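I have placed the structure first, in the form of structure tokens, so that the comments after it can refer back to it.
The values are calculated or read from the model by the stated rules, or taken from the named source; none is laboratory data. Everything quoted here is computed from the prediction, not taken from an experiment. Heads up, the Cβs are rebuilt from the backbone with ideal geometry, glycines too, and the neighbour counts pull from every protein chain shown. Remember, those area values only see protein heavy atoms, side chains included, never the ligands or the DNA or RNA. Shrake-Rupley method; radii C 1.70, N 1.55, O 1.52, S 1.80 Å.
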Amino acid sequence: MQEKILLDERRKISFYERFCNFLGRFEFPLSEKAKKEIEEKLEFCDIKTTPGKIYSSAITLIIISIPLSLIFFLINFSALGILIIACFSGLGIYLIFYPSLEAKSLRIKAGSELIQTILYLVVSLRLTPSLENALLFAASNVSGVVGRRLKKIAWQLKVGKYKSADEALEKFSQEWKTENLEFYEAIDLIRTSAVQTQERREKMLDEAINVMLQRNMERMMRYSRQLRTPLMIITTLGITLPILVIILFPIMVIFLPELIKPWLLFLFYDVILPIIVFYIMFQTLRSRPITFGIVDISEHPKARNPKFFTLNFFGKKVFIPTILIACLVGGIIISFGVYLISLPTGSVSIYKIFGGLIILAGVSCSLLIYSFFHFFENIDIKNEVKQIEIEFDEVLFQLGYIMSTGLPLEAGLERIRERVKALKVYGLIEDTLINIKKFGFTLRKALFDEKFGSIKKYPSRLIKSIMGTISETIEKGVIGTSKTILSISSYLKSLHSVEEHMKEILDESVSDMRIMMNLLVPISSGATVGLATLMVMVLFQIASLLTNITGLSQRPEFTPENLMFAVDIKNVIPAEVFLVCVGIYMLEVTFMLAYFISTLEHGEDVFERYKLISQSTLISLGIFTFTILLIYFTFAGLLPTISVPK
């Protein structure tokens, strides 16, 4: 076990580290207090840079933005110059605050790992009341940021930095006290239990697990209540205000041609506003309590690599990048839409409307193809493994109960096999027994052998961790192993119960966002485009009627270029351009809401995320298209009936 603890976990240098180390050419002077605070956060996040380089990088960015913006000021693009200064300054501020944000995010994301840490400490202490053994056992089984910190603490204990495991655990729990007070309290209970009687120790260990689960549920309830404010901001800033402003945009372009340019529509609605809305969503998600385990199927023999599409060509496998296929298909569709728009069919026509919709369909198709390849087939494998995890706690309970009677593990698995034939977990038990009987493997080898290991077909991090724990405790004897299995089974039942309750807590917020994503966003965007198109058609119709009145067309103030004297109708944003800009914004909002919802419901499960993105994109595009065409065909036919009164 100690060799496993001392194994150096290497990682790649992050972009943030490379950026700060490259741009931070000098150490910016900071006060000792500020420097110490940042260094603690950098050490916790394992970021290899210094506080001085972070600040010097931020200052360098601001300095670089000044000459760049001056270029645009000199060529009368002052708005773009101001935007460059704002973006570079914002990026510099983000560099400074990144360590604090990352430290907070890691502490919150580590919620599930901290629960596992408590479980492994409890399991070890039930067998042997030794805090040092418990610390080594937990460090060898927990992964992620918590696992790295545990390994470091275990190493420091071995080299004598800490006098005892009790002191090391106290130091470790102090690191999480700010964001996870329940973990600090649970560790305190565990440390105290090591010197208690058997009966008292059992109660305190059970209480440690209950504290973690109960407080985590309370944290999620508090988070659910706090979601209302960000949701209101997202709804107002991302949907209500943009829709109100964008309705007036065609009129503002006509009456204020020097101030309002059509390209501002694309810049604001398709670049700046989505960045702001996504930042709000991202910061909201960073504070989300993490409790859902992620199913990793990368080692499953039937899992597809979502980055490539495999094509059999004359007996050889050809790997085509998924993103290349998505861009190629989308590009073909977009080019057809551009062709329709370029046809000389008048200022506003059904061909141009369809051209804009086809361009939007091309963009959507690229996103749909890329998303589809990321969850196709793999999501079925993931759901199968997830179902096995759900069934696993009942199997563990039965196995622990059988072994508590004195039967060995192999006999216990034999009995359970007949009872779970109808369940998906049957394959895991069957393959494990075959490896034990046919090849004479030990339990650990039967599960984790590189070639024949039964766990390879069920690449669940949870199952791997639990079976690894059982295979290590089997040496303690049948009764000790049965206690471990029953303890883990009880933990899994409690965890599943807490997760289901948390989903119920979030259900109201998620339902509101689903309605917003699938109905409000596409309908409001489609209605806005439809009404704006009608508005442009009315303006051109009035211009045409006025210029056709006998005698008026000869006077310069009544030409289309001087309609309504001061109004320049040439500057009216084309209906198809308006449609594409608003449609892209609608797709961006749909994408962000789908990302937000899937993260709330399923955590970092990429398969569920891409599935929801593809479904919501298809629904939103359909409703958006239907709304525009409904408004166009309902009201456009009335415009030719406008005539000059006699």
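In segment 309-398, which chymotrypsin sites (Phe, Trp or Tyr not before Pro) are in a loop and have at most 14 other Cβ atoms within 10 Å, using DSSP for the loop call? Loop-located and lightly packed - F314.
In the chain, taking the dipole from charged Cβ atoms about the Cα centre, the farthest positive-side position among L23, S454, F172 is held by S454. The phi-based Karplus calculation (6.51 cos²θ - 1.76 cosθ + 1.60; θ = phi - 60°) puts the 3J(HN,Hα) values of segment 56-62 at 5, 5, 5, 5, 4, 4, 5 Hz, whole numbers, x for Gly and Pro. Within the accessible surface of the chain, defined with a 1.4 Å probe on protein heavy atoms only, the carbon and sulfur portion equals 64 percent.
Our coupling estimate for segment 16-23, obtained by passing each phi through the Karplus curve with A = 6.51, B = -1.76, C = 1.60 and θ = phi - 60°, is 4, 5, 4, 5, 5, 5, 7, 7 Hz, Gly and Pro reported as x. For segment 485-526, backbone nitrogen atoms closer than 19 Å to the point 7 Å from T240 Cα along Cα-to-C-beta are found at 509-526. Here the Debye sum runs over all C-alpha atoms of segment 315-442 as equal scatterers in vacuum, and log10 of I(q)/I(0) at q = 0.13, 0.19 Å⁻¹ comes out as -0.72, -1.01. Its Cα gyration tensor gives segment 330-384 an equivalent ellipsoid; the semi-axes, largest first and in whole Å, are 35, 9, 5.
Taking the charge dipole of the chain about its Cα centre, with +1 at Lys and Arg Cβ atoms and -1 at Asp and Glu Cβ atoms, the residue from M586, H496, I115 reaching farthest to the positive side is I115.
Report the Cα centroid-to-centroid distance between segment 393-466 and segment 330-363 in angstrom, as an integer. With segment 393-466 and segment 330-363 each reduced to a Cα centre, they are spaced 59 Å.
Were the residues from V271 through L343 laid out at 0.36 nm apart, the gain over their Cα-Cα distance would be 23.1 nm.
Relative to the Cα centre, the charge distribution of the chain, modelled as +1 at Lys and Arg Cβ and -1 at Asp and Glu Cβ, gives a dipole magnitude of about 1080 debye.
For F308, the residues whose amide H sits under 5 Å from its own are T322, ignoring neighbours fewer than 5 places away on the same chain, with H placed 1.01 Å from N.
If eta is 0.692 mPa s and T is 37 °C, what Stokes-Einstein diffusion coefficient results for the chain, Kirkwood Rh from Cα pairs, in µm²/s? Intermediate results must be reported in sequence, preceding the final value.
Values: Rh = 29.3 Å.
It diffuses with D of about 112 µm²/s by this estimate.
Protection proxy ranking of 225-235, 590-600, by the mean of other Cβ atoms within 10 Å over each peptide's residues and highest first, is 590-600, 225-235. Rounded to the nearest 10 degrees, the inclination of helix 144-158 to the longest alpha-carbon principal axis of the chain is 40 degrees.
Given charges of +1 on the Cβ of Lys and Arg and -1 on the Cβ of Asp and Glu, with all other atoms neutral, how large is the dipole of segment 377-427 about its Cα centre, in debye to the nearest 20?
Dipole about the Cα centre, nearest 20: 140 debye.
Kindly provide the helix-only [θ] at 222 nm of the chain, computed as the sum of -39,500 (n - 2.57) over DSSP H runs of four or more divided by all residues, to the nearest 500 deg cm²/dmol? Present the calculation step by step, with values, prior to reporting the outcome.
Working: 26 runs with 463 residues, N = 646.
About -24000 deg cm²/dmol.
A dipole drawn for the chain from +1 and -1 charges on Cβ atoms has a positive end, and of T50, G81, L70 the residue lying farthest that way is T50. Projecting label points 7 angstrom from Cα along Cα→Cβ for K152 and L324 puts them 4.2 nm apart. Angle of helix 198-226 to the longest C-alpha principal axis of the chain, folded into 0 to 90 degrees and rounded to 10: 0°. Considering only the Cα atoms of segment 392-529, their convex hull presents on average a projected area of 11.9 nm².
For segment 422-545, what is the charge dipole size about the Cα centre, in debye to the nearest 20, if Lys and Arg each add +1 at the Cβ and Asp and Glu each add -1 at the Cβ? Don't skip to the end; give the middle numbers.
Details: 15 positive and 12 negative charges, 163 e Å.
So the magnitude is around 780 debye.
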